[in-house]
Amino acid sequence: MHLLKSSLALLICAGVFASPVFATTTHHTSTRRSHHSHHASTRRVSHRIHGQQSIDPDRVTQIQQALIREHYLTGEPSGQWDSTTIAAMQKFQADQGWQTKLMPDSRALKKLGLGPDYSNALNAKNSTFAAPPSDNSIPAAQDAGFTAASGVNQ
């Protein structure tokens, strides 16, 4: 009988301790869901705009001067990225067969002579940025050496 009472007491204790565990799990899960759905419905979505948003007025003046030189813009440079400048840049880019988005294309800037300036680069001292020599300027002996080294028979 003593064994029966001990077993019964053990089962009651197990039931008492297990009951809050199941209740807490059920309650916690439902709380989490309601909190999550409430949070999702009130969440603000912010859109971050990437990339360059404006052009420095000095750079705009340079672009306008180049567009005037190329006869895509008339008048004096104002330094303002206005609708007239945008239209001129779009026309220039379209004439080159390039995209016509609002910001200038890097190829268009290079074509207008406004590309990067490498004259102050570390390896640029005493260097020229001339085009490579034509094939005709390579001495015949040197050309023969290149051909022999490449393994190509002509």
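What follows draws every value from the coordinates through simple rules; no lab data is involved. Bear in mind the structure is a predicted one, so any value in this text is a computation, not a measurement. Because the Cβ atoms are built from the backbone with ideal geometry, glycine has one as well, and the counts that use them run over all protein chains shown.
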Projected onto the charge dipole of region 64-110 (+1 at Lys/Arg Cβ, -1 at Asp/Glu Cβ, origin at the Cα centre), which of GLN65, TRP81, LEU109 gives the Cα projection farthest towards the positive end?
LEU109
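Order of ASP143, ASP105 from fewest to most other C-beta atoms within 10 Å?
Numbers: ASP143 12, ASP105 17.
In increasing order of surrounding Cβ atoms, one gets ASP143, ASP105.
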Hey, how much of the P(r) for region 57-111 falls beyond 18 Å, as a percent of Cα pairs?
19
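If you take every residue apart from GLN80 with its C-beta less than 13 Å away from the C-beta of GLN80, what net charge results, scoring Lys and Arg +1 and Asp and Glu -1? Display every interim value, and only then the final one.
Numbers: positive: ARG59; negative: ASP56, ASP58, GLU76, ASP82.
After counting each charged neighbour, the total is -3.
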In debye, nearest 20: dipole of region 57-111 around its Cα centre with unit charges on the Cβ of K, R (+) and D, E (-)?
240
Can you pull the one-decimal nm distance between simple spin-label points at THR84 and ILE138, each 7 Å off the Cα toward Cβ?
5.2
Net charge near GLN99, counting Lys/Arg +1 and Asp/Glu -1 over other residues with Cβ under 15 Å of its Cβ?
+3
